[in-house]
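Reviewing the structure listed below.
The values are calculated or read from the model by the stated rules, or taken from the named source; none is laboratory data. Predicted model only: the values in this text are computed from it and were never measured. No Cβ is skipped: glycine too gets one built from the backbone with ideal geometry, and neighbour counts run over all protein chains shown.
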Amino acid sequence: MAVGSVLMWLGLPVALIYLASRVADSPNPSMGPYLLIIVGLPVGMIAIGKALGAIDRYHGRITGLDDGKPMQAAWMRSMRGERERKRRRSVLDVVMIVSVGVALVLGAVWFFAFAGSSLPGA
């Protein structure tokens with residue numbers, strides 16, 4: 001799941017940029033390569049996210065963390081009703097939280113330390 005997360009956050013964008021650079025026939029390309037990235041990025045992330053979700057559900061069934069019952073949304077449950085079990089944090093939850101946190105920290109380090117200023121005369 002960690003490899004899938006890295007693939008989703010880094011591998012897919014880099015692959016799409018590489019593919020768009022191969023599709024472009026000049027230094028000033030038409031809209032095609034841009035559309036490839038704009039459409040390909042969310043579609044690819046949804047596909048990878050669905051695959052990671054399927055792997056997480058499979059992992060939950062194997063380890064016994066998932067009992068197979070569908071989760072009922074909190075807003076659909078009675079407030080007077082008995083308290084039911086809470087959903088355990090899955091491996092995918094932890095992997096995605098850590099990967100997004102690392103991406104935010106690395107993005108901030110790059111922005112503040114290495115990006116330089118885009119202001120004129122700075």
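Residues in segment 1-26 that are crowded, with 16+ Cβ neighbours inside 10 Å and over 19 Å from Ser99 (Cα atoms): Leu16, Ala20. Lys50: of a type outside the set (A, V, I, L, M, F, W, C) and modelled with pLDDT under 85, yes or no? Judged against the criteria, Lys50 is not a match. Name the pairs whose Cβ atoms lie under 6 Å apart, with the first residue in segment 13-24 and in a loop (DSSP other than H, G, I, E, B), the second surrounded by 15 or more Cβ atoms within 10 Å (Cβ to Cβ), and 6 or more positions between them or separate chains? The qualifying pairs are Ala24/Pro33. Inside segment 27-65, can you point out the residues that are outside any helix (DSSP H, G or I) and either touching a Phe, Trp or Tyr at 6+ places or on another chain (Cβ under 6 Å) or surrounded by fewer than 13 Cβ atoms within 10 Å (Cβ to Cβ) (or both)? Selection gives Pro27, Asn28, Ser30, Gly64.
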